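Read the structure below first, then the notes.
The values are calculated or read from the model by the stated rules, or taken from the named source; none is laboratory data. The shown structure was predicted, so the numbers you read here are calculated from the model rather than taken from an experiment. Positions of Cβ are generated from backbone atoms using ideal geometry, with glycine treated the same way; all protein chains shown enter the neighbour counts.
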Amino acid sequence: AQTVTQSQPEMSVQEAETVTLSCTYDTSESDYYLFWYKQPPSRQMILVIRQEAYKQQNATENRFSVNFQKAAKSFSLKISDSQLGDAAMYFCAYRSARGADGLTFGKGTHLIIQP
Amino acid sequence: SAVISQKPSRDICQRGTSLTIQCQVDSQVTMMFWYRQQPGQSLTLIATANQGSEATYESGFVIDKFPISRPNLTFSTLTVSNMSPEDSSIYLCSVEGVTGELFFGEGSRLTVL
């Protein structure tokens, strides 16, 4: 079974600064997807970024980028120029590329943005 | 991305009763997933609902407690049966996107007294 580990229960960053959220995972599969989701207090789960395991290039979405290290099974999220609206719970998630399974989530990291 | 509507948004229920949560999607989807998020916790997959077949439940979840219907490709229901305070959670419906990601509804927050 796959597992996803987020070792930082809470992170704090000054507005406009950069923060990195950590995620490691364990799997015996070679083809899979990795995701970061954001859950603000409104509780809506919002997809932030996705990475396909077969792609060596790290995914980027505006101020959000990942550092995907397949051999190390590491998938960190970097948020540049942090904004107050980035404050939320961030969940790292794994999904097999077989397509029949749902997502396996980490425990989440609570991101606080200091004005 | 799909637009997913869940009803009810929130409810307060008495122990021993059952509540059915509805999930409506604005497009046809093959797989729908039901998740539970207990207070302050991450999301845990309850079951996968495919149209025309019985739902597939994850370890720790059983059909008698969480019966699921999937009558067509745009709709599903999850019933939480014989509720206890431990069932107080957010229940989320999700569907698969075209590139492997899942999209989520806004969730249904249940409080069991």
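At-a-glance table
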| quantity | calculated |
| --- | --- |
| Search result, residues across the stretch B:84-94 that are out of contact with any Leu (no Cβ under 7 Å at 6 or more places or on another chain) and buried (at least 17 other Cβ atoms within 10 Å of the Cβ) | B:Ile90, B:Cys93 |
| Selection count where residues are assigned to a strand (DSSP E or B) and either of a type outside the set (Val, Ile, Thr) or within 14 Å of chain B (Cβ to nearest Cβ) (or both), scope the stretch A:81-115 | 15 |
| Listing of strands (runs of 3 or more DSSP E) fully contained in the stretch A:1-80 that carry 1 or more residues being on the phi < 0 side of the Ramachandran plot and among the β-branched types (Val, Ile, Thr) | A:3-5, A:10-14, A:19-21, A:24-26, A:46-52, A:64-69, A:74-79 |
| Exclusive hit being closer than 21 Å to A:Gln114 by Cα, at pLDDT below 95, within 14 Å of chain B (Cβ to nearest Cβ) and out of contact with any Asp or Glu (no Cβ under 7 Å at 6 or more places or on another chain), set A:Pro41, A:Pro9 | A:Pro41 |
| Odd one out for A:Glu61 among (1) more than 11 Å from chain B (Cβ to nearest Cβ); (2) surrounded by 13 or more Cβ atoms within 10 Å (Cβ to Cβ); (3) of a type outside the set (Phe, Trp, Tyr); (4) within 29 Å of B:Arg36 (Cβ to Cβ) | (2) |
| Failed item in (1) modelled with pLDDT of 95 or more; (2) crowded, with 17+ Cβ neighbours inside 10 Å; (3) of a type in the set (A, V, I, L, M, F, W, C), with A:Leu84 passing the rest | (2) |
| Qualifying position, being assigned to a strand (DSSP E or B), touching a strand residue (DSSP E or B) at 6+ places or on another chain (Cβ under 8 Å), more than 19 Å from A:Ile46 (Cβ to Cβ) and within 14 Å of chain A (Cβ to nearest Cβ), among B:Leu45, B:Leu92, B:Leu110 | B:Leu110 |
| The stretch A:28-48: number of residues that are more than 15 Å from A:Tyr90 (Cβ to Cβ) and crowded, with 17+ Cβ neighbours inside 10 Å | 2 |
| Total residues in the stretch B:64-73, condition surrounded by 14 or more Cβ atoms within 10 Å (Cβ to Cβ), out of contact with any Ser or Thr (no Cβ under 6 Å at 6 or more places or on another chain) and modelled with pLDDT of 95 or more | 2 |
| The stretch A:94-115 - residue that is over 16 Å from A:Gln39 (Cα atoms) and among the hydrophobic types (A, V, I, L, M, F, W, C) and, of those, modelled with the lowest pLDDT | A:Ala100 |
